[in-house]
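**Student:** Take a look at the following structure, please.
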Amino acid sequence: MDLLSAWRSHARTDPGKVRSHNEDAFLALPERGLWVVADGMGGHQNGALASRLIVEHLAELPGGSDLDRRVQQVRRTLHLLNRRLSRELTLISGQPEPVMGSTVVVLLVEEDRAACIWAGDSRCYLWRSGGLYQITRDHSLRQQLIDERQLSPEQAAAHPSAHALTRAVGASEDLALDVVEFNVYPGDTLLLCSDGLYQSLSGSELGSALNRPSPQLALERLFEQALAGPARDNLSAVVIRR
């Protein structure tokens, strides 16, 4: 049996209850072991374009069984897009600062290995044996204040610019990507999501949803709960299960 055929996934995006437009984009290719969530920034057209460019370019990458090679292909693609967004489009716009960008979180799998590549505050979670683990670490001022000034999460969240990003594709000429590799086991469930989704839900709500019998049912519960709240931002998520 093709080992990638053991992976199932379900994806969804929603503008939320306040915004009329959606700057998020996602990619779900379980047959190739590739999933992506991107959360655009820079206004409706610019943010939507940035996130769409990311998923379109990553969708064009060849599949294969060499995870290390695929990680390098993803990194190379994101660096090329970063230069395009931060230089060429800025020059075209005539603005002195970058006018479009996007967070990104990518999951690649090969047999019992997985790799997560990201920039920004879109997240990857792992639900395993009744425990919820956050694989990614936010590239945000809030997380930086916690790390560097040793503030509590509550203290850091009170900062007026707490949600400002410290990294994103297109945010600066130099892009730093983080990569985490880990083993995956039968029964593991992974969640990729934009901040609009996880900011609406507690850890226990995330875990309860991911514990449901299928990726589709898990996703339905996540959006049910998130849309029951204010849902001020766009919501995007991909649930993946082995």
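The values are calculated or read from the model by the stated rules, or taken from the named source; none is laboratory data. None of the values given here were measured: they were computed from a predicted structure. Remember, those area values only see protein heavy atoms, side chains included, never the ligands or the DNA or RNA. Shrake-Rupley method; radii C 1.70, N 1.55, O 1.52, S 1.80 Å.
**Student:** In whole angstrom, how far apart do the alpha carbon centroids of segment 112-157 and segment 203-242 sit?
**Tutor:** Here the answer is 18 Å between Cα centres.
**Student:** Using helices alone, what [θ] at 222 nm do you get for the chain, with -39,500 (n - 2.57) per DSSP H run of 4 or more residues, divided over all residues and rounded to the nearest 500?
**Tutor:** Helix contribution divided over all residues of the chain: -9500 deg cm²/dmol.
**Student:** Computing the accessible area with a 1.4 Å probe over protein heavy atoms, can you report the carbon and sulfur percentage for segment 8-241?
**Tutor:** Percent of accessible area from carbon and sulfur atoms in segment 8-241: 47.
**Student:** Along its principal axes, what span do the Cα atoms of the chain show, with the longest given first and each in whole Å?
**Tutor:** 53, 40, 37
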